[in-house]
C-alpha cells in the first residue's frame, strides 16, 4: 500500500540518518475505503493526490510544533505491506476530508521502501510559515486562519527521487 508520511526537513534528516521512518506507530495518509466512498468519482491518481494533500496539511501541524524547522512541508511517499497499516479514516472535525485518509503504520518504514519525497519550493516559505502559525485557529473554525492555510496549499509540492533527498538536508 502506498502511504504518505508527513514530515519536516528536520524529520527528513532524522529519517535519512536512521535509514528508516519511525518509531512505529506512524500517522500517515493513504487511499482508504472512507476516502474512496467520499470521493467516489475520483480515479486512483486523484485519490492519491487527496491523500498526499492531507499529509501536506499534517506536515503544517508538525511545523507548528517545531517553529525552528525550516518552513517547508515535507511528505514521504512509501510502500508498506497492507497488513502493516491500520485503517483509521473517519470523518470528524473541520478537516474531516483529511481524516478520511488517515492511517496508522504499525512498523518502521525502511529507507528502501520510501519511493519519493514531496517538498515545498523554498519560495513558499513565507506562506508555509504563516499557515503553520494559523493552523490551530483554522482547526478551531476561524475562516481567516483557514484562508491563510489555503495560501500554503496553493503551492504545489515538488517531487524528488530518494537519491535527491540527501541534497535537500545538507
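The values are calculated or read from the model by the stated rules, or taken from the named source; none is laboratory data. Treat the numbers as computed from the prediction; the structure is a model and nothing was measured. Counting neighbours? That spans all protein chains shown, and the Cβs are built from the backbone with ideal geometry, glycine included.
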Under the condition of being surrounded by 17 or more Cβ atoms within 10 Å (Cβ to Cβ) and part of a helix (DSSP H, G or I), which residue from the stretch 26-42 is modelled with the lowest pLDDT? 38
Matching residues in the stretch 23-37 - criterion: being more than 17 Å from residue 2 (Cβ to Cβ) and within 19 Å of the chain's Cα centre (by Cα): 23, 24, 25
Determine which single condition residue 45 fails, assuming it passes every other condition in (1) closer than 15 Å to residue 116 by Cβ; (2) in contact (Cβ under 8 Å) with a residue 60 or more places away in the chain. (2)
Could you grab me the full set of residues in the stretch 71-81 that are surrounded by 14 or more Cβ atoms within 10 Å (Cβ to Cβ) and outside any loop (DSSP other than H, G, I, E, B)? 74, 75, 76, 77, 78
Selected residue [in contact (Cβ under 8 Å) with a residue 12 or more places away in the chain and under 18 Å from residue 135 (Cα atoms)] from 2, 104, 19, 57: 57
What tally of residues in the stretch 137-149 results from selecting those that are closer than 18 Å to residue 58 by Cβ and either free of Cβ contacts under 8 Å to residues at least 12 places away in the same chain or in contact with a strand residue (DSSP E or B) (Cβ under 6 Å, 6 or more places away or on another chain) (or both)? 2
Residue check, residue 45 at pLDDT below 95, over 24 Å from residue 138 (Cα atoms), assigned to a helix (DSSP H, G or I) and out of contact with any helix residue (DSSP H, G or I) (no Cβ under 8 Å at 6 or more places or on another chain): yes
Selection status of residue 68, out of contact with any helix residue (DSSP H, G or I) (no Cβ under 7 Å at 6 or more places or on another chain), surrounded by 18 or more Cβ atoms within 10 Å (Cβ to Cβ), in contact (Cβ under 8 Å) with a residue 40 or more places away in the chain and farther than 20 Å from residue 123 by Cβ: no
Residue check, residue 79 under 17 Å from the mean Cα position of the chain (by Cα), without any contact (Cβ under 8 Å) to a residue 40 or more places away in the chain and closer than 16 Å to residue 6 by Cα: no
When residues of the stretch 1-22 are limited to those that are surrounded by fewer than 17 Cβ atoms within 10 Å (Cβ to Cβ) and farther than 18 Å from residue 82 by Cα, the one nearest to the chain's Cα centre (by Cα): 10
